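Taken together, the values in this text are just the output of simple stated rules run on the coordinates, not laboratory data. In this text the structure is predicted, and so the values were computed from the model without any measurement. Cβ atoms come from the backbone with ideal geometry, glycine included; neighbour counts cover every protein chain shown.
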Amino acid sequence: MADIASAENFTQRFESIYEETEREVTGLTLQQLDFASEKWEWSKWSIRRQLGHMPMVGVAWMYRRWNADLPMSGVAPFFKDYYGKAPEEQHKYVNALDANGLLAFFKRGIEFNLFVVKRETPATMRSQWLTIDSTGFIAQVKAAHPTGIEDDPNNPGKWRINFEATFRHVYYELTTHFYNIQRLKRAQGLKTITKTPSEGYHTLPAWDASEP
């Protein structure tokens, strides 16, 4: 499964999306980070809001969905504490950051994902399953996952997702938010620096691919 995001290549994929994001965001001013517009659905979230959300995708899946009991080492204590804060406190933290601070926050999120992934093997990532609803956002993007999301044989009407597909979902969310960051730059007349990732929910036929 080397041709798609999978257990064998998650480390490379997560490290690459951070590097690409760093290249796009470094040097942006506060005004550029906070630009938002009602003109497009994707432009309602500023670059700051996109970047403030990106580190938390994997964290939320681990603590809210998988109820993971992770060792309190590395970046895990920071995110367990941050995840427990009220939304107002989280927003206050993110809103106080400049471009470098937002990138440092995102890098911590990448480190959290790799902290979890590196504790597993491809076999263990494909053998652990979590029951999920068969509606909502996952239902909209299931087509992007050739494996790892299926009918739950023990819960009629429900789906189940394995650990591998969970982190493929996290990665695809990151690439899609990255695409939004690029579009937000173009909407401000700024040049983008890197190529849009070829993997992610933004590649689905029904996805809004409108451009400024």
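Distance between the 7 Å Cα→Cβ label points at GLU88 and THR121: 4.9 nm.
Sorted largest first, the principal axis extents computed over the alpha-carbon atoms of the stretch 153-201 equal 52, 18, 12 Å.
Take TRP207, TRP159 and order them by how many other Cβ atoms sit within 10 Å, fewest up front. Spell out each step's value before the answer.
Values: TRP207 16, TRP159 19.
The most exposed by this proxy come first: TRP207, TRP159.
In percent, rounded to a whole number, the relative contact order of the chain is 28, using alpha-carbon pairs under 8 Å and six or more apart.
Coupling constants for the stretch 113-123 follow from the phi torsions by the Karplus curve (6.51 cos²θ - 1.76 cosθ + 1.60, θ = phi - 60°), and in residue order they are 4, 5, 4, 6, 4, 6, 7, 10, 10, x, 5 Hz; glycine and proline get x.
Longest span of the chain, sites excluded, free of trypsin sites (Lys or Arg not before Pro) in DSSP loop with at most 15 other C-beta atoms within 10 Å? Longest stretch, sites excluded: 40-84. Applying the Karplus relation 6.51 cos²θ - 1.76 cosθ + 1.60 with θ = phi - 60° to the stretch 135-144 yields 3J(HN,Hα) values of 10, x, 4, 4, 4, 6, 10, 4, 4, 7 Hz, where x marks Gly and Pro.
Given springs between every Cα pair under 10 Å in a Gaussian network model of the chain, which of LEU51, LEU130, LEU174 has the largest fluctuation? Taking springs between Cα atoms under 10 Å, the residue moving most is LEU130.
Can you compute the FRET efficiency between ALA68 and TRP40 using 1/(1 + (r/R0)^6), with r the Cβ-Cβ distance and R0 = 35 Å? Round to the nearest 0.05. The partial results should precede the final answer.
Values: r = 35 Å, r/R0 = 1.01.
Efficiency, from the Cβ-Cβ distance: 0.50.
For the residues ASP81, ASP34, ASP152, a GNM of the chain with alpha-carbon springs under 10 Å puts the largest fluctuation on ASP81. Once the Cα-Cα distance is subtracted from the 0.36 nm per residue extended length, the PHE137 to GLU211 segment shows a gain of 24.4 nm. Electrostatic tally near GLN32: other residues with Cβ closer than 14 Å to its Cβ, Lys and Arg +1, Asp and Glu -1, net +3.
Positive end of the dipole of the stretch 1-134 (Cβ unit charges, origin at the Cα centre): among TYR63, HIS91, THR29, the Cα lying farthest that way belongs to TYR63. For LYS44, the shell of other residues with beta-carbons less than 15 Å away shows a net charge of 0, using +1 for Lys and Arg and -1 for Asp and Glu.
Mind scanning LYS118/LYS142; LYS92/LYS142; LYS158/LYS185; LYS44/LYS92 and naming the pairs with a C-alpha gap bigger than 30 Å? Don't jump to the answer; show the numbers that get you there.
On the way: LYS118/LYS142 25 Å; LYS92/LYS142 34 Å; LYS158/LYS185 39 Å; LYS44/LYS92 19 Å.
Beyond 30 Å: LYS92/LYS142; LYS158/LYS185.
Converting phi to 3J(HN,Hα) with the Karplus coefficients 6.51, -1.76 and 1.60 and the offset θ = phi - 60°, the stretch 173-180 yields 5, 5, 5, 6, 5, 4, 4, 5 Hz in sequence order, with x at every glycine or proline.
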